[in-house]
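What follows is a short report on a single structure.
The values are calculated or read from the model by the stated rules, or taken from the named source; none is laboratory data. Just so you know, these numbers come straight off a predicted model, no measurement behind them. All Cβ positions, even for glycine, are placed from backbone atoms using ideal geometry, and neighbour counts span all protein chains on display. Note: accessible area is taken over every heavy atom of the protein model, side chains too, but ligands, DNA and RNA are not part of it. Shrake-Rupley method; radii C 1.70, N 1.55, O 1.52, S 1.80 Å.
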Amino acid sequence: LYTDKIKENKMGKYVIGIDLGTQSLKGFLVDPNGKIVAEASHAHDYSAPHPNWAESKVSDYIVSFTSVINDLVAKSGVNPEDIGTIGMDAINDSVIAADADGNAVGDLCVIWMDRRAEAITDRIKATVDESHVFDVTGLNLDSTHTAAKMLWIKEERPDIFEKAKYILNVDSYMVYWMTGVAAVDYAQASASMLYNVAKMDWDPEMCALFGLDPALLGTLQKAENVVGTLKPDIAQRLHLTPNTKVIVGTGDEHSSCLGSGLVKSGMVCDITGTAEPVAATFNKPVFDKKGLVETHHSAHSGLWLIENPGFVSGGSTRWFIDNILRKPGYKEMNEIAMGETSFLGKVDPEAKETLVNYIAPKNVAIGSNGLTFLPCMGGAMTPTWNGKARGTFIGLTLSHGIGEMARAVFEGITFGLKDNVDRFAELGINADTVRIVGGATKSPFWCQMKADALGKRLEATKSSEGAAIGAAMLASVAEGNFANLEEAAEAMVELGAIYEPDFSKKPEYDEAYARYLECYTTLEPFFNKYYKA
């Protein structure tokens, strides 16, 4: 680790990049040359009090944030006077009501996978042409977006709404908590359904449609703009100084794109976390009339981000580990999906006997021996958007074991990625290479599966924490350590493993993918008939 001595030829200050995710908060302390000096993380979690609800306590975010900042300062030995700027990203499509003093009213954050506002969205769909909403906002009229969640708070929790001065994205709330300034970047705003994607401003018609005053939403600014400095009490709590600057920040998927080096047009990124957004950069807005991918701004203000905001990916693997495997973890799930049994020496004897019977010795082939998994554990965001869809295993027989089930989960998520990459190509964004960032980069098995199924080269970032790197890139530009995001990416984004596609396997994956699509298409009327979002 570096200390407070500036290396090489840069004479700027250190910066902090923070990524607030669904299940943890991660942070980097970065020197003026873009090198990571220290890193820290702190876990938190969400709850699902009702079907298709998902929420977190804001107080948990504050604890995680404080812990990580304190750890970064302590681990690095850097003088707080030499820490110039904090950059922040956080989960998209998540909202917090904040009072005039910076407190989260009700300690409630309604997070991205929540669909409690489905009935509200259905009601609005009956009053407006959905294609008009898409033309104005670039978004599908969907309950995952923040406008629907804000309106739910207004209608269902007036005790919270009436005390709120602002209703903000999570990153915007954290910046407001630190500085007293409520601001939102163009990328996050473009995911709200309240924003005119062509005019780059809050849209009066859309705000009226959802009964929301634009004054609740914060001022629009570039992600790297400095909004202010730390309030004295917050600076003391974080062991920093009141001179520490704070930038607007952005959403986690937008930051992950920056941290993967997507700073020019025509690049594609697979962002793997609890959700799996799939995004492509372009130098002009592109509108998908099928509605699979949406039109957002990039956190790089000169680019557009054409994206699917994320189906439940890591959340599906975690569900499988917690509820099916029970004892083993992510590494062991990979081994099971490959038909390996070496991990069995690590589990309890009682579990070992059961697991041996179900996975060994068996070849878990491409296509999971006819088993298909639909990764709709929080509704579907692909191959269509449908809050009523449900996660499903299809094709189970008495001969199937957890090896096929584990592989089917990996394959179903891979096919969700393929849905979106294929749609980019249909829209004229046909990249030969896909960047991948996040937790899945720790699985060579899964990365190779994705390369083979897509028939494209896959480039994994060296660090799995691309969002925190992206936040540090924005802070570094704000601090003046780099002239622009292109220069920051050159210094800070490192690629790791490269996965070349094995084209001999693609026909088998294409067959399994066709089965996945047919399963979803066949079951969608069933989902619509029997389930509520």
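Determine ³J(HN,Hα), in whole Hz, for all residues of the range 427-432 in sequence, where each value follows from phi through the Karplus function 6.51 cos²θ - 1.76 cosθ + 1.60 and θ = phi - 60°; x replaces Gly and Pro.
8, x, 10, 10, 6, 6
Which of the trypsin sites (Lys or Arg not before Pro) found in the range 192-259 are loop residues per DSSP with 11 or fewer other Cβ atoms within 10 Å of their Cβ? Don't skip to the end; give the middle numbers.
Numbers: sites: Lys199, Lys222, Arg237, Lys245; in loops: Lys199, Lys222.
Here the trypsin sites (Lys or Arg not before Pro) that fit, given the DSSP loop and packing criteria, are Lys199.
Is the range 105-206 best put as rounded, prolate or oblate by its Cα gyration tensor, with a ≥ b ≥ c the root eigenvalues, rounded for a/c under 1.5, and otherwise prolate when a/b is larger than b/c, oblate when not? List each step's numbers first, then the result.
Working: a/c = 2.08, a/b = 1.25, b/c = 1.67.
Since a/c reaches 1.5 but b/c is at least a/b, the shape of the range 105-206 is classed as oblate.
Averaged per residue, what accessible area in Å² does the range 267-337 show with a 1.4 Å probe, protein chains only? Show your work: numbers first, answer last.
Numbers: 2170 Å² over 71 residues.
With the other protein chains kept in place, the range 267-337 gives 31 Å² per residue.
For the full complex of protein chains and a 1.4 angstrom probe, list Ser301, Ser316 by accessible area with the highest value first. Provide the component values of the computation, followed by the final result.
Values: Ser301 60, Ser316 0 Å².
Output order, biggest surface exposure first: Ser301, Ser316.
Where the eigenvalues come from the Cα gyration tensor of the range 361-426, what are the semi-axes √(5λ) of the equivalent ellipsoid, largest first, in whole Å?
Equivalent-ellipsoid dimensions as semi-axes: 24, 15, 7 Å.
Can you give me the % of accessible surface on the range 192-262 that is carbon or sulfur? Probe 1.4 Å, all protein chains present, nothing else counted. Don't skip to the end; give the middle numbers.
Values: 1370 of 2570 Å².
Exposed carbon and sulfur together represent 53 percent of the surface.
Restricting to DSSP H runs of at least four residues, report the calculated mean residue ellipticity at 222 nm for the chain, -39500 (n - 2.57) per run over all residues, nearest 500 deg cm²/dmol.
Numbers: 18 runs with 194 residues, N = 533.
Theoretical 222 nm ellipticity from helices: -11000 deg cm²/dmol.
Quick one: accessible area per residue over the range 351-484, 1.4 Å probe, rounded to a whole number of Å²? Intermediate results must be reported in sequence, preceding the final value.
Working: 4140 Å² over 134 residues.
With the other protein chains kept in place, the range 351-484 gives 31 Å² per residue.
Let me know the Kirkwood hydrodynamic radius for the range 429-533, please, with Cα pairs as the basis and the value in Å to one decimal.
Numbers: mean 1/r = 0.0603 Å⁻¹.
Across the range 429-533, the inverse of the average 1/r is 16.6 Å.
Once neighbouring chains are kept in place and the probe is 1.4 Å, which whole percent of the accessible area of the range 26-185 is contributed by carbon and sulfur?
Working: 2460 of 5120 Å².
C and S fraction of accessible area: 48 percent.
Quick one: plug the Kirkwood hydrodynamic radius of the range 381-499 (C-alpha pairs) into Stokes-Einstein at 4 °C, 1.567 mPa s, and report D in µm²/s.
Working: Rh = 16.8 Å.
Value of D from the Cα-based Kirkwood radius: 77 µm²/s.
Heavy atoms of the protein only, probe of 1.4 Å, neighbouring chains included. What is the accessible area of Tyr61 in Å², nearest 10?
That residue has around 0 Å² of solvent-accessible surface.
May I ask which residue of Phe410, Ile436, Val421 lies farthest towards the positive end of the charge dipole of the range 403-465, with charges of +1 (Lys, Arg) and -1 (Asp, Glu) on Cβ and the Cα centre as origin?
Ile436
Students often get this wrong, so check it: of Lys125/Lys149; Lys222/Lys284; Lys57/Lys125; Lys456/Lys505; Lys26/Lys462, which have C-alpha atoms separated by over 21 Å? Let's see the in-between values first.
Details: Lys125/Lys149 15 Å; Lys222/Lys284 17 Å; Lys57/Lys125 31 Å; Lys456/Lys505 12 Å; Lys26/Lys462 16 Å.
The answer is Lys57/Lys125.
How much accessible surface area, in Å² rounded to 10, belongs to the heavy atoms of Met381 with a 1.4 Å probe?
Result for Met381: roughly 10 Å² accessible.
Just by accessible area at a 1.4 angstrom probe, what is the order of His296, His132, His239 from largest to smallest? Walk me through the numbers on the way to the answer.
Details: His296 5, His132 65, His239 105 Å².
Order by accessible area, largest first: His239, His132, His296.
Could you order Phe527, Phe282 by accessible surface area, starting with the largest, using a probe radius of 1.4 Å? Write out the running numbers ahead of the final one.
Details: Phe527 5, Phe282 40 Å².
Solvent-accessible surface, decreasing: Phe282, Phe527.
Using the membrane-span-like helix rule (whole DSSP H runs, Cα extent along the own axis of at least 18 Å, mean Kyte-Doolittle hydropathy at least 0.0), which helices of the chain qualify? Before the final figure, lay out each step's value.
On the way: long enough: 58-76 (27 Å, 0.77); 402-426 (36 Å, 0.04); 466-479 (19 Å, 1.44); 506-530 (35 Å, -1.00).
Qualifying helices, which must be both long enough and hydrophobic enough, are 58-76, 402-426, 466-479.
If each residue of separation counts as 0.36 nm, what is the full-extension length gain between Ala43 and Lys462 once their alpha-carbon separation is subtracted?
Values: separation 419, 0.36 × 419 = 150.84 nm, distance 2.22 nm.
Result for the pair: 148.6 nm of gain on full extension.
Which whole number of Å³ per residue matches the convex hull of the alpha-carbon atoms in the range 184-340? Show your work: numbers first, answer last.
Working: hull volume 31.4 nm³, N = 157.
Here the figure is 200 Å³ per residue.
Between Glu511 and Asp107, what is the label-to-label distance in nm when each label sits 7 Å out along the Cα-to-Cβ direction?
The modelled label-to-label distance comes out at 5.5 nm.
To the nearest 10 square angstrom, what accessible area does Ile469 show with a 1.4 Å probe?
It works out to around 20 Å².
Under a point-charge model restricted to the Cβ atoms of Lys and Arg (+1) and Asp and Glu (-1), what is the dipole moment magnitude of the range 22-167 relative to its Cα centre, in debye to the nearest 20?
Numbers: 13 positive and 24 negative charges, 21 e Å.
Using only the charged Cβ atoms, the result is roughly 100 debye.
Run through the range 123-192 and list the GluC sites (Glu not before Pro) located in a DSSP loop whose Cβ has at most 13 other Cβ atoms within 10 Å. Don't jump to the answer; show the numbers that get you there.
Working: sites: Glu130, Glu155, Glu156, Glu162; in loops: Glu162.
Within the range 123-192, the qualifying GluC sites (Glu not before Pro) (loop, at most 13 other Cβ atoms within 10 Å) are Glu162.
Rounding to the nearest 20 debye, state how big the charge dipole of the chain is about its Cα centre with +1 on each Lys and Arg Cβ and -1 on each Asp and Glu Cβ. Don't skip to the end; give the middle numbers.
On the way: 49 positive and 70 negative charges, 100 e Å.
Here the chain has a charge dipole of around 480 debye.
Take the range 142-201, compute every pairwise Cα distance, and split them into 5 Å bins from 0; I just need the percent in each bin.
4, 18, 23, 24, 22, 8, 1, 0
Counting only residues 5 or more places away or on other chains, whose amide H sits under 5 Å from the amide H of Ala380 once H atoms are built in the peptide plane?
Answer set, sorted by chain and number: Asn386, Gly387, Lys388, Ala389.
Picking from Thr392, Pro285, Ser464, whose Cα lies most toward the positive end of the charge dipole for the chain (charges on Cβ: Lys, Arg +1; Asp, Glu -1)?
Thr392
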